[in-house]
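Just so you know, all these numbers are worked out from the coordinates, no wet-lab data involved. Here the structure is a predicted model, which means the values were calculated and not measured. Methodologically, a virtual Cβ is constructed for each residue, glycine included, from the backbone with ideal geometry; neighbour enumeration extends over all protein chains shown.
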Amino acid sequence: MQTAEIADRIAWAVDGLEVEIPTWGFVNTGTRFRVFPQAGVPRDVTEKLEDAGAVARYTGVAKRVAIHIPWDRTDDWGALRATAAGHGLAIGAVNSNTFQDEAYRLGSLCSPFPASRRMAVEHIVECCAIVAATGSDVLKVWLADGTNYPGQDDLRDRRRRLVETLTEVYAALPPGARLVLEYKLFEPSFYATDVADWGQALSVVRRLGERASVCVDIGHHAPSVNIEQIVASLLAEGRLGAFDLNDKQYGDDDLIVGSIDPYRLFRICHEMVGALRDDEDPAAQRCARETVWMLDQCHNLEPKLPAIIRSVMNLQEAVAKALLVDRDALLAAQRAGDILGGNAILADAYATDVRPALAELRTARGLPASPFRAYLASGEEERRATARVGGNAASW
Ligand code: PSV
Ligand code: MN
């Protein structure tokens, strides 16, 4: 296939795809052993938005920014929204945080202590108000709730508390907004996590209502779990709400998306593109259209901005390859029971080098052919480090 024909077929990866960048991707992060600070890291939410604005400028497809409360707390949400808009950004998912307070020692929404549950509900209800005040449309809830030892708490009771408190939160969602519930296999709890997998998350959001769905964080699964099948199942149920994109080798490693297993990322994108193009399943199609493609990564050692730009490009490449899959031929092979034929269609699309076509598409739209190289050559990284001296760099 010629570059021009490839470009034609993958244009959506540049014109249609919307990627959401997390403010916490720009701050100093680390492991439980040490945080290694970097130069030029934002000192407040305004500077985080400035960095997200740079990613949007270079890539052209990352125009939503996810915020985390209280890390991004401000006393004027309207002003925050306006600052974001000044950088060409809309506020995306508002992430609640019920994992960094002493009160949450034994959990938040599932805690055995009514006062802790109350505090968590009030915090997330406040996040609902922030959704409205910032013009966002998504509330994202991840819970660090769980237990470390068998017998520590009653598992069924914890589940009952979860449904009860989330029902209260759901009632506070602003009109038109959605709640997405994120699951995670383990950590910080090591015996039983209250929302540990997609089945638990799906059954809980079903109890809440139509505007509740599931967030799939790629890093939150056991090794070798088939994540694209989870994505397909959630799409079929109309309950996929968002991705937290990243990559992993061992646990919840929060590495650059597509840096370890680009083929897995491609397979996930293939499920998404399949649903987006499936006119015969309008419910899955709508669900795929509304799904937020958010990054959730930590750049502990590598420079943060170029790492995030790289992530966006990796995602675009995976989406582009998925757009190249010959769906009619695939369907025909599948219906004919042609195992190797079907597999070859996917393998051929994955093996295509889409980078020249992506570069052409970007150039035609006034974007740098390689946002990553253009950013590194721009001197912005050095200027940021010189300008942001003094004060307290934002960190965990
Ligand atoms: C938890 O590990 C998580 O994936 C959740 O999305 C949090 O909001 C995010 O990381 C930041 O800690
Ligand atoms: Mn996440």
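Data overview
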item	result
Efficiency of FRET between ASP101 and ASP326 - r from beta-carbon atoms, R0 45 angstrom, step 0.05	0.30
Partners for LYS184 among lysines (Cα-Cα distance below 18 Å; same-chain residues under 8 apart left out)	LYS140, LYS248
Cα-based convex hull volume of the chain per residue, rounded to whole Å³	144
Inter-site label distance for THR363 and ALA171 at 7 Å from Cα along Cβ, in nm	5.9
Relative contact order of the stretch 3-387, pairs being alpha-carbon contacts under 8 Å that are 6 or more residues apart, as %	18
Helical mean residue ellipticity (222 nm; -39500 (n - 2.57) per DSSP H run of 4+; nearest 500) of the chain	-15000 deg cm²/dmol
Amide N proximity, the stretch 152-190 versus ALA90 label position 7 Å along Cα-to-Cβ, cut-off under 17 Å	174-180
For the stretch 256-295, the Rg and Dmax computed from alpha carbons only, in angstrom	11.6, 34
Packing-based order for 77-86, 63-72, using average beta carbon neighbours within 10 Å, highest first	63-72, 77-86
Gain on full stretching of the segment that runs from ALA336 to ALA129 - 0.36 nm per residue minus C-alpha separation	69.3 nm
Estimated distance in nm for a label pair at ALA79 and ARG286, the labels positioned 7 Å out from Cα along Cα-to-Cβ	4.0
Mean Cβ neighbour count within 10 Å, used as a protection proxy, ranking 229-241, 33-45 highest first	229-241, 33-45
Extreme residue, positive dipole direction of the chain, given options ILE309, VAL273, ALA79 (C-beta unit charges)	ALA79
Rounded to 5, the percent of DSSP beta bridges in the stretch 3-387 classed as antiparallel	10
Total charge dipole magnitude, the stretch 192-245, about the Cα centre, Cβ charges on Lys, Arg, Asp, Glu only, Debye to nearest 20	220
Coil-residue chymotrypsin sites (Phe, Trp or Tyr not before Pro) of the stretch 178-247, DSSP, other Cβ within 10 Å capped at 16	PHE186, PHE190, TYR191
Rounded to 5, the percent of DSSP beta bridges in the stretch 18-170 classed as antiparallel	10
Part-to-part distance (alpha-carbon centres) for the stretch 311-368 and the stretch 56-130, which is given in Å	35
Sorted peptide list for 126-137, 335-346, criterion being average Cβ within 10 angstrom, highest first	126-137, 335-346
Net dipole in debye of the chain [+1 Lys, Arg Cβ; -1 Asp, Glu Cβ; about Cα centre; nearest 20]	440
ALA351 versus ALA222: modelled label distance in nm, points set 7 Å from Cα along the beta carbon direction	3.4
Scattering profile of the stretch 178-268 at q = 0.14, 0.16, 0.17 Å⁻¹ [log10 I(q)/I(0), Debye over alpha-carbon scatterers]	-0.47, -0.62, -0.69
Gyration tensor (alpha-carbon) shape descriptor, the stretch 1-69, a/c threshold 1.5	prolate
